[in-house]
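Okay, so here's the structure we're looking at.
Coordinate-derived values only; no laboratory data. Values in this document were obtained by computation on a predicted structure and should not be read as measured data. In this analysis, Cβ positions are derived from the backbone assuming ideal geometry, glycine residues included, and neighbour counts consider all displayed protein chains.
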């Protein structure tokens, strides 16, 4: 029996939820009987691309005409979030549809980041490899007889093929490339000609895949390594940006050149879809795994960047494009997260209520995507019971200069956002509509609002069995 089918059978037995079993039985039968008209899916996940790093999101320094055109061909989300502020947990959440306490991945490597003498608490232990017992979005696509391929950064385990991936190119546990120019030193990506650029190469592989598989349904997961460090780009592109008038905080020529190459390759991919007559039957999702690194590229008016749970660390670009199905140049201002991708695709492909799947933590976006219906209000949660050390001190725009974030939790509900910090049991309350930069702490001015949001936090932690660090660190020096 194929591994993905065994995963579903094991999960059904554990869930003891007959609705879940009936749901997938019906789906399987309907497709065995030859249901047609299913779209292909392409999920492009850029790495460390900030919310303001695209022209359509307000940058006047970076050139992104192709991604901007992709946004105009469908729906742009202005308040989209990653479910975590750094690479591995965000990807684990997106691909499983589950919040961080369910899979235990909170960061990359150890949770004991930073100087031990600066950590008041012993952080929760981090899980570094996603268990292959979890049902991933790629597992789900396989059950619908989609051919699945991952091209680029995997980062959750050594072999993506244990997670519903039929074909893997370049993916392993590595979180960044050793070089953006060949030789790549990547055992899952044969070197190209000397000097070949990695972002170009991954797109070449994606286009070759489309040419091979254009006659069958496919799910292409394209997690580019760009624009993660090391910052490396083509010299002719770098030179173009060196003398350009800068946008305050966005003036890094190499980073700009990397973004331009990413944009060009998104354009190449869209051209290939059109040439193969696949564009009208392909849903394209474009996003980033977390916020940008703010000392490299400022996200203002949003505060901070990657590794922080201020807005600059978790708000990301998000575009859904499906010609003829999603209205052109449409905009959604409702808060959403990458936890919503899995239930959205279930809703789309199974024509059923995502509530039939009891273990997904997001919500379907299909009503707003296809019908323009506003999404119902809901709280969004982030749980981070560990430490992330500083990148650049005061330039991280964090709460202090030692850590990008300390153990804590965040909830957003409507325009209000509450931060809780476990070390000193303190709170920060912001009204994002009036203060997107999270500068004016209102927790003492509006204690009733703080307490309402805090009660939501406590209830959520209880339901999730989310760990909160309490043990004092004996190495801590005030």
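Numbers below:
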| read-out | value |
| --- | --- |
| The chain: calculated mean residue ellipticity at 222 nm from DSSP helix runs of at least 4, using -39500 (n - 2.57) | -9000 deg cm²/dmol |
| Principal axis dimensions, the range 381-464 - Cα atoms, whole angstrom, descending | 34, 31, 20 |
| Peptide ranges 155-162, 178-185 listed from the most packed, as the mean C-beta count within 10 angstrom indicates | 155-162, 178-185 |
| Spin-label proximity, residue 328 to the range 60-78 - amide N less than 19 Å from point 7 Å beyond Cα toward beta carbon | 65-77 |
| The chain: relative contact order in percent, alpha carbon pairs under 8 Å with at least 6 residues between | 23 percent |
| Ranked packing of 241-254, 133-146, most packed first, by mean Cβ within 10 Å | 133-146, 241-254 |
| Cα-based radius of gyration of the range 299-345 once divided by 2.2 N^0.38 Å, which approximates compact folds | 1.41 |
| Mean Cα-pair separation over length for the range 210-318, i.e. relative contact order, pairs under 8 Å, 6 or more apart, % | 21 percent |
| The range 126-255 - Rg over Rh from alpha carbon coordinates, Kirkwood radius | 1.04 |
| Of [x] 26.9, 113; [y] 29.9, 98; [z] 21.6, 67, the label for Rg and Dmax of the Cα atoms in Å derived from the coordinates | [z] |
| Whole-Å distance, taken between Cα centres, linking the range 403-470 and the range 235-255 | 37 Å |
| Ranked by how many other beta carbons lie within 10 Å on average, peptides 287-295, 404-412 from highest | 287-295, 404-412 |
